[in-house]
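Notes to accompany the following structure.
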DNA sequence: TTGAAAGCGGTACCAG
DNA sequence: CTGGTACCGCTTTCAA
């Protein structure tokens with residue numbers, strides 16, 4: 001006896017209602033409880049094989065898909081890991097890291113979600129994230145303060161991990177301080193006998209979190225050495241580079257740390273077009289160790305950056321989720337190593 | 001009279017429970033209904049100012065954050081727009097497009113979420129997405145078939161938009177066919193008098209969706225012209241490029257379409273290192289019109305690709321969400337225009 | 001102006 | 001082995 005579904009659902013204009021487990025139960029002639037047991041392969045309860053088949057068939061026929069919100073509401077928790085979506089195009093290095101991370105978390109059976117809250121800042125954003133009741137939140141780039149962490153924890157988030165340049169009170173941290181990148185570059189140029197060093201500061205918004213620490217690193221490496229640092233604001237456009245190149249000789253620099261390999265390529269091309277000899281007249285070093293640097297002539301010296309493996313972070317998250325009580329860990333995870341080629 | 005909260009919550013080991021609207025109500029000495037009215041600025045109901053203040057203060061004190069799942073469960077719908085997270089590092093062009101899109105959707109008050117379902121394929125993935133009951137789903141790159149669309153629609157998704165190379169039954173589509181990119185490149189090389197044309201096929205997985213149509217486009221442009229196409233599999237590594245360059249002369253090609261500007265740079269460098277004159281001996285053209293192409297010597301010819309604006313797609317989504325009944329639209333949105341520089 | 005109560009879709013306990 | 005039922009947190013009539 002298959003009862004006719006209660007919902008009237010005339011084939012008129014209204015779209016057919018979304019099937020619920022109750023609909024499946026009705027069609028299979030069983031109770032909602034049974035449907036739940038069958039579809040979740042509940043081990044504690046034994047359901048007869050014929051019943052199981054009827055339920056599965058009914059679910060299939062209706063195109064039933066469970067409702068995640070209802071499920072996690074009842075369960076009191078979800079396995080969602082939330083990270084804010086980057087609001088600026090991201091390089092291959094970091095992109096690769098994110099992918100690894102997502103993959104590793106997926107393997108640990110988490111649902112990874114990048115949340116695009118493009119208008120929100122600070123605690124506003126934290127509140128928006130908290131509304132989704134994620135079990136863990138991973139925040140790159142210093143977009144979260146201690147209050148934000150508290151908001152999240154208060155809403156049941158079991159693991160909050162920041163990736164910024166410095167730790168945040170209450171949160172676990174993968175400290176990725178780009179200071180070391182600049183320091184490496186500065187020390188290298190110094191060792192090569194350079195004394196008047198330019199540092200490119202990208203004008204693109206959203207890069208300050210990286211460029212400032214890198215600059216600071218260079219500064220620090222040159223402290224008390226008689227060498228001097230000159231900031232070189234540079235937009236990622238041919239014309240901007242040409243303008244700098246034109247007044248290059250008046251700047252009197254004998255070396256430049258170009259923020260990364262892409263800006264290095266941009267600037268190096270402009271300098272070469274103006275007849276500046278590299279590395280004789282000016283040494284150039286980039287960062288990120290992209291393939292493109294090896295393709296330049298002279299081959300570009302660079303600072304190779306070692307990001308942590310996605311698996312490492314995924315395992316940290318998993319560990320903290322399982323035991324949220326522990327004292328926040330902080331790992332310094334950004335390796336920087338100078339790769340000397342021909343441009344310096 | 002402020003009652004003591006019911007939940008015992010001893011300051012022992014158990015983490016403090018997440019505050020609910022009931023907790024706020026208790027603390028403020030009102031009912032849950034009133035809390036809801038106040039926090040949602042319900043216009044239909046007038047609540048006295050003192051009450052509002054008490055409620056807000058209580059919410060503040062408890063660090064109350066509403067529970068999105070519960071809310072949308074009750075409401076019967078959400079404003080979540082879901083898109084699968086790319087599982088391969090994405091170029092600046094496409095990255096920019098995604099950002100614009102997210103921004104535009106945010107402005108229209110949607111919650112944009114990139115879902116990383118790294119193990120799932122086809123209908124599996126569609127089911128996983130459907131569990132979240134998004135109001136709209138945007139799927140790039142052909143990762144969704146007609147069945148998948150039906151699963152989503154059946155689960156209440158009001159708008160399904162694909163970005164792939166071809167339409168999908170039942171879904172709206174932004175047809176981004178890279179065929180035209182290849183066609184433009186092929187026609188250009190032909191017009192420049194080239195007859196034996198190589199086409200780079202990247203070996204990196206995940207790029208087939210782009211490289212195949214581009215190849216097809218070249219083929220089609222050369223149809224019945226006496227010109228011939230040679231496929232050149234190429235991994236994005238210096239050594240792979242060097243291998244191709246070494247046997248270049250034996251290939252007898254007078255032109256190459258290098259898939260995009262990055263592969264073009266890689267190959268061009270290898271060819272130049274082997275003494276192949278560009279463009280005299282071999283013409284090279286890339287695609288994407290990246291800045292780096294303009295920095296090469298000779299300057300790289302390229303195919304400029306015009307993606308639709310994020311706003312356009314956002315408005316399409318919004319329109320369809322408001323009126324899901326309409327017949328699926330299909331827009332051809334990928335403009336391709338050859339930019340002739342010096343390498344061809 | 002405020003409160004009581006129903007119900008969104010699932011899950012899991014307890015009876016039968 | 002299966003059904004009844006309470007409940008997760010929130011919104012929204014309906015009454016008072």
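The values are calculated or read from the model by the stated rules, or taken from the named source; none is laboratory data. Since the structure is predicted, the reported quantities are computational estimates derived from the model, not experimental observations. Because the Cβ atoms are built from the backbone with ideal geometry, glycine has one as well, and the counts that use them run over all protein chains shown.
What to note about this one:
- Candidates B:148, B:143, B:119: the one that is assigned to a loop (DSSP other than H, G, I, E, B) and more than 8 Å from chain A (Cβ to nearest Cβ) is B:143.
- Within this structure, residue A:90 passes the test of being in the same structural domain as residue A:158 (by TED's automatic domain parsing) and at negative phi.
- Looking at segment A:187-277, the helices (runs of 4 or more DSSP H) lying wholly inside it that each contain 2 or more residues that are closer than 20 Å to residue B:299 by Cβ sit at A:238-246, A:261-273.
- Enumeration of residues in segment B:159-201 that are farther than 30 Å from residue B:147 by Cα, surrounded by fewer than 22 Cβ atoms within 10 Å (Cβ to Cβ) and under 24 Å from the mean Cα position of the chain (by Cα): B:201
- Some residue of segment B:91-112 being within 16 Å of DNA strand D (Cβ to nearest atom) and not in a loop (DSSP other than H, G, I, E, B): yes
- Condition check for residue A:107: closer than 30 Å to residue A:288 by Cβ and either touching a helix residue (DSSP H, G or I) at 6+ places or on another chain (Cβ under 8 Å) or within 14 Å of DNA strand C (Cβ to nearest atom) (or both): yes
- Restricting attention to segment A:318-336, the residues being away from chain B (no Cβ under 14 Å) and touching a strand residue (DSSP E or B) at 6+ places or on another chain (Cβ under 8 Å) number 9.
- The set of residues in segment B:253-301 being facing another protein chain (nearest Cβ under 9 Å) and crowded, with 24+ Cβ neighbours inside 10 Å consists of B:265, B:266, B:268, B:296.
- Picking from residues in segment B:62-78 that are in a loop (DSSP other than H, G, I, E, B) and within 7 Å of another protein chain (Cβ to nearest Cβ), the one that is farthest from DNA strand C (Cβ to nearest atom) is B:63.
- Hits in segment B:24-52 (condition: surrounded by fewer than 19 Cβ atoms within 10 Å (Cβ to Cβ), more than 10 Å from DNA strand C (Cβ to nearest atom) and at pLDDT 95 or above): B:39
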